[in-house]
Amino acid sequence: MHREILVIDDNSDIRFLICNILKEKNFEVRSAANYDQAVLEINKRLPNLAIIDIKLDKTDKDGIDLLKIINKKNKLTPVIMISGHATVQIAVEAIRLGAYEFIEKPFSKDKILNYVNRAIETFELKKEKDIIENKLFHSFELIGKSPAILKVKKIIDKLSTSESRVLISGPTGTGKELVARKIHKHSLRSKEPFVIINSALLKENTYEKELFGEEFEDGNISFGALERADKGTLLIDEVSEIPLETQANVLRVLIDQKFKRVNGSKNINVNIRLISSSSKDLNELIKINMFREDLYHRLNVMPIELTPLATRTEDIPLLVEYFNNKLSEINGVKQAEIDDKNDSLYIYNWPGNVRELRNLVERITILSSNESKEIINKVIDDVLKPSSKNTDKNILEKSFQSPLKEAREHFEKEYLATQLKKHHGNIAKTADFIGMERSALHRKLKTLGIKDIN
């Protein structure tokens with residue numbers, strides 16, 4: 001593994017000492033004796049890790065300025081700051097600006113090696129995580145030609161020059177996080193952090209610490225999501241799960257643009273773009289006093305609604321083709337012969353929405369990519385049809401419990417809705433398949449209260 005460290009210190013003895021310690025452990029080492037040399041080395045090539053003395057030769061520029069330069073080039077690059085004269089305030093400021101660690105002089109060989117090894121390990125983990133996220137989200141696109149998806153794409157385009165808060169609503173698996181990432185990617189903040197806090201996964205007593213951070217008696221600081229997202233975008237996923245008491249504090253941040261860390265006394269100012277998402281109806285939660293109405297109006301400046309996959313079946317063949325291509329590439333297997341006209345894909349209700357479809361395609365590309373189209377069709381049928389059979393059974397049971405006229409209407413409604421799904425909302429094709437005049441089908445759909453999804 002290539003591990004290059006840049007050591008920046010204007011004290012030649014300390015610079016020589018650190019470089020020798022690192023070379024003994026087989027690190028590749030470059031060094032700089034002053035601020036100007038350091039800038040040249042940083043611009044030449046970013047290292048895997050930088051060790052920077054805070055006090056350098058220039059009076060108007062110091063190690064903190066070099067930290068900012070490195071962070072601007074790549075926030076993943078860890079930086080260890082060292083100093084024999086720095087105050088606690090300078091140390092805290094260095095950590096706040098992104099330094100991995102702060103070490104006071106004099107330091108032992110074991111101490112600096114310990115910090116270096118931990119920093120390099122953290123760098124590799126972050127880089128690996130970033131690669132995985134790129135595969136999962138940044139490389140994925142918002143796929144579909146349905147009116148609902150085209151509307152969402154237009155909103156994302158319009159938001160590219162806006163700083164408005166966004167509330168994304170929709171059932172689980174419809175792609176709320178993907179939409180949030182696309183908004184960030186197309187915004188003026190695209191080169192800044194994108195931070196996610198998933199409210200549904202947090203324990204009730206940890207919300208404040210996760211959002212606002214925490215200060216400890218020994219002077220250490222745990223930075224919350226708000227500070228980590230400074231200058232970038234913060235996504236509060238499943239915002240409905242935030243406790244009411246914390247909701248009040250979030251509202252105060254939105255109003256005042258500042259907050260205090262847990263156990264802290266100093267106001268922290270941040271500049272973030274806030275996006276929220278929810279799979280629950282916040283208006284219904286407001287009615288039962290489970291969500292603050294004033295917070296809802298602050299979050300819901302620009303609403304985006306993602307509809308269930310079952311209501312936009314015309315997107316299914318596009319999604320199948322896209323995921324088949326993308327997931328086979330990611331998993332290093334050849335594309336599977338998936339028949340996007342398989343009835344099961346359109347009859348199935350997709351409770352897990354696009355995520356469930358993606359999982360199905362991934363399973364097929366990994367386990368059945370070498371199988372024939374007929375065998376893959378059987379796999380799809382076996383996975384999806386148990387649910388549709390249960391639906392058919394429920395329809396039959398309801399029919400037997402109703403008078404003949406109601407039972408007939410109920411059957412016709414389910415039958416025609418299913419045929420419309422199979423034919424992607426195309427009235428002409430549906431009418432031709434069921435042997436009915438197009439005008440008569442329009443009248444029947446209107447009578448039964450079935451919306452034309454074409």
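Worth pointing out:
- Considering residues of the stretch 81-103 that are part of a loop (DSSP other than H, G, I, E, B) and touching a residue at least 12 places away in the same chain (Cβ under 8 Å) only, the residue nearest to residue 115 (Cα to Cα): 100
- Yes/no for residue 239 being surrounded by 20 or more Cβ atoms within 10 Å (Cβ to Cβ) and closer than 24 Å to residue 182 by Cβ: yes
- Residue among 94, 38 that alone is closer than 30 Å to residue 194 by Cα, of a type in the set (Gly, Ala, Ser) and under 30 Å from the mean Cα position of the chain (by Cα): 94
- Looking only at the stretch 257-274, and only at residues there that are part of a strand (DSSP E or B) and either in contact with a helix residue (DSSP H, G or I) (Cβ under 6 Å, 6 or more places away or on another chain) or of a type in the set (D, E, K, R) (or both), the one that is farthest from residue 163 (Cα to Cα): 262
- Some residue of the stretch 36-58 being modelled with pLDDT under 90, loosely packed, with under 14 Cβ neighbours inside 10 Å and in contact with a Leu (Cβ under 7 Å, 6 or more places away or on another chain): no
- Scan the stretch 402-435 for residues that are among the small types (Gly, Ala, Ser), in a helix (DSSP H, G or I) and modelled with pLDDT of 70 or more and the total you get is 3.
- Residues of the stretch 69-88 that are of a type in the set (A, V, I, L, M, F, W, C) and either under 17 Å from residue 35 (Cα atoms) or under 23 Å from the mean Cα position of the chain (by Cα) (or both): 69, 70, 76, 79, 80, 81, 82.
- Lone qualifier among 222, 277 - being of a type in the set (Ser, Thr, Tyr) and surrounded by fewer than 18 Cβ atoms within 10 Å (Cβ to Cβ): 222
- Any hit, the stretch 224-235, residues being under 25 Å from residue 155 (Cβ atoms), of a type in the set (Lys, Arg) and out of contact with any Lys or Arg (no Cβ under 9 Å at 6 or more places or on another chain): no
The values are calculated or read from the model by the stated rules, or taken from the named source; none is laboratory data. Just so it is clear, the model here is predicted, and its values are computed rather than measured. Cβ atoms come from the backbone with ideal geometry, glycine included; neighbour counts cover every protein chain shown.
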